[in-house]
Structures are given as structure tokens and as C-alpha cells.
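The values are calculated or read from the model by the stated rules, or taken from the named source; none is laboratory data. Please read all numbers here as calculations on a predicted model, not as lab measurements. Here Cβ is always computed from backbone atoms with ideal geometry, including for glycine, and neighbour counts include all displayed protein chains.
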Amino acid sequence: MDALAMTEPGAGSDIRGMKCAAIRDGGDWIVNGTKHFISGAEHADFVIVFIATGEDQTPKGLKKRITAFLVDRDTPGFTIRDGYKSVSHRGYKNMILDFDDCRLPDAQVLGEVDGGFEVMNTWLYATRITVAAMSVGRARRAFDYALGYSAEREQFGQKIGKFQGISFQLADMITEIDAADLLTLAAADRLDKGLPSNREIASAKLYASEMLARITDAAIQIHGGMGLMDDYPLERFWRDARVERIWDGTSEIQRHIISRDLLRAMGA
Ligand SMILES: Cc1cc2nc3c(=O)[nH]c(=O)nc-3n(C[C@H](O)[C@H](O)[C@H](O)COP(=O)(O)OP(=O)(O)OC[C@H]3O[C@@H](n4cnc5c(N)ncnc54)[C@H](O)[C@@H]3O)c2cc1C
């Protein structure tokens, strides 16, 4: 099993701001720094870690060069420790990785030296589509609960689904879910065909993860107080939904990618 480590306490959205750095020592690299929020690292046999391997002066200032390394969990100078307790996905941990004069040979470079961004993008394209697809799947499950409850629960002498306040919500929910599904399939199709798909993937991740937040919230509302009780899985769907707008690039970063792509095409 693997884990992937980009994020640091001081470098989340701004990945190039990372402090974890490797310096050359003969044919090896000596690494120092810390990564945090690393999902699944407690079980990982190895971790793909993004590390700064130099910097260039550019018109926009100093820009870090980044390289991906494969790091085995028992490498001297590399430790994995417990991180924080998250409200989302309580079934697994996020971990903190420390590098203390950790020696890595060149053979553990993944891809090219200084080619870490290509590796990162390949990974992020796939994980953003995965976030979008999982959001659609979870939203459908939450919707099924909401639909079932609306068809069963009676108040004021009738099924609550007969109230337009509920039935119109159901109509909007399924429309949003289907829209997110199609957006996700279209983005995945472009990626499969090798077409430029950065913007489309960002739109799918943005829309599907925000849709999931609305659907899980509405599903709880339709269940009234029971929606918050752990007799139903809805409170878990709602908690788990929260992280989808944050990891693999926040909603704001997806909006940045989408608008940058559009404006660049206009020469702006
Ligand atoms: C449960 C969990 C598991 C995770 N697992 C992993 C993992 O396995 N591997 C890994 O590498 N990372 C992982 N992450 C990290 C995740 O990808 C980051 O949390 C995410 O990229 C945001 O970084 P940050 O939390 O440092 O927020 P920051 O980057 O500090 O952002 C704070 C706020 O500022 C906004 N912001 C930042 N820059 C801009 C901008 N240019 N324009 C507009 N708004 C902006 C953000 O959108 C956000 O609202 C995980 C996070 C969580 C919560």
C-alpha cells in the first residue's frame, strides 16, 4: 500500500512554498522537513513524497523545483507519526511525516529529477476525478434515503413527499446529482482520450463536491431530527462530505484553475 505526501504545515494550496528540501550529497539526496495530513501513511509500505530539489529565479520571484521520491517506511531518518483527528472519514488516520537527514539514493526518484510537478498533476487529475465520482455515488445514496423517507414518513395526515416543499427539493437534488455525474463522465472521457482536461476535471471536482454538501444537508433536513441520529448513516455522509471541498485542491483552487484556463485562452 502507498500514500502520497505533498502538503506541509506551511504549504497547502501553495505547494511551491514547501520547505521540505533535498540537497545533493554525491549520488544521494539528504532530506529534511515535515509533511502533514498524509492519509493512509500508517499502513503504507512506501510513500511518494514531493520534495524541493532546488530553486530558480523567475520574473515572478524564486520558484522551487520539485522532485517526487519513493520512500520506504523503514528508511533511516524517516518517521511516520499520528496526525490530527478529523471530523471526516474517521475510519482512517492522517499522519505526520518527518525527515531528519534522511538519505535517499537517486534510484528512488520517481520520474525525472525536478519533474515532480508532472508526477503530481498525473496523480491529481486521477484523484480529482475520483473525488467527483465518489461525491456522485455518496449523493445518490443520501438521495435514496431522502426519497425513501419522503415516501414513508407521515405528518399532517399525509406523506411528507406530498408537500411541495419536500417534493421540489427531491427534484432539484436528483437533477444536481445527474448533472454532476455527467460532468464527471465527460471529464474522465477527455482524460482517457488524452485531451487537455485540466479545466474540465477541476469543474467536475468543484461541482460534484459542492453538490454532495448540498445533497447530504438536504437529506438530513428531509429526515428532520432523525437525520442527525446515528441510526441513519446520513450524519456520516454529511461529515465525510466536508473534506471533499478541501483535499486534492480546495474549491477555491479549482475555481482558480478554471478561470485561469479561460482567461489564458483570451490572452489575459
Ligand atoms: C483529512 C485530510 C486528508 C488529507 N490527505 C492528504 C494526503 O494524503 N496527502 C497530501 O499531500 N495532502 C493531504 N491533505 C491536504 C489537503 O490536500 C490540503 O488540506 C489542501 O490542499 C488545502 O491546504 P491547506 O489545508 O493547507 O489550506 P490552505 O492552502 O492554507 O488554504 C486555506 C484557505 O485559503 C484558501 N486559498 C489558498 N490559496 C488561495 C488562492 N490562491 N485563492 C483563493 N483562496 C485560496 C483555500 O481555498 C482555503 O480556503 C489532506 C487534508 C485533509 C483535511
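What the table shows:
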{"item": "Tally of residues being surrounded by 17 or more Cβ atoms within 10 Å (Cβ to Cβ) and closer than 30 Å to D192 by Cβ across region 141-152", "result": "2"}
{"item": "Residue among I246, I215 that alone is assigned by TED's automatic domain parsing to the domain that holds S135, over 27 Å from F163 (Cβ atoms) and hydrophobic (A, V, I, L, M, F, W, C)", "result": "I246"}
{"item": "Among residues of region 181-205, those that are more than 20 Å from T122 (Cβ to Cβ) and either outside the structural domain of E244 (by TED's automatic domain parsing) or surrounded by 21 or more Cβ atoms within 10 Å (Cβ to Cβ) (or both), counted", "result": "1"}
{"item": "Any hit, region 101-120, residues being touching a helix residue (DSSP H, G or I) at 6+ places or on another chain (Cβ under 7 Å) and more than 30 Å from A179 (Cα to Cα)", "result": "yes"}
{"item": "Residue match in region 153-172 (condition: touching a strand residue (DSSP E or B) at 6+ places or on another chain (Cβ under 9 Å), loosely packed, with under 15 Cβ neighbours inside 10 Å and farther than 24 Å from R239 by Cβ)", "result": "yes"}
{"item": "Strands (runs of 3 or more DSSP E) (entirely within region 49-110) containing at least 2 residues that are over 19 Å from T7 (Cα atoms) and of a type outside the set (F, W, Y)", "result": "61-72, 94-105"}
{"item": "Sole exception among (1) within 15 Å of the ligand (Cβ to nearest atom); (2) farther than 19 Å from K19 by Cβ for D74, by number", "result": "(1)"}
{"item": "Hits in region 218-245 - residues which are at negative phi and surrounded by fewer than 16 Cβ atoms within 10 Å (Cβ to Cβ)", "result": "Q221, G225, M226, L228, M229, D230, D231, P233, R239"}
{"item": "Matching entry among Y84, Y92 (being surrounded by fewer than 12 Cβ atoms within 10 Å (Cβ to Cβ), under 30 Å from E244 (Cβ atoms), not small (G, A, S) and not assigned by TED's automatic domain parsing to the domain that holds R214)", "result": "Y84"}
{"item": "Wholly within region 1-44, strands (runs of 3 or more DSSP E) carrying at least 2 residues that are away from the ligand (no atom under 13 Å from the Cβ)", "result": "21-25, 28-39"}
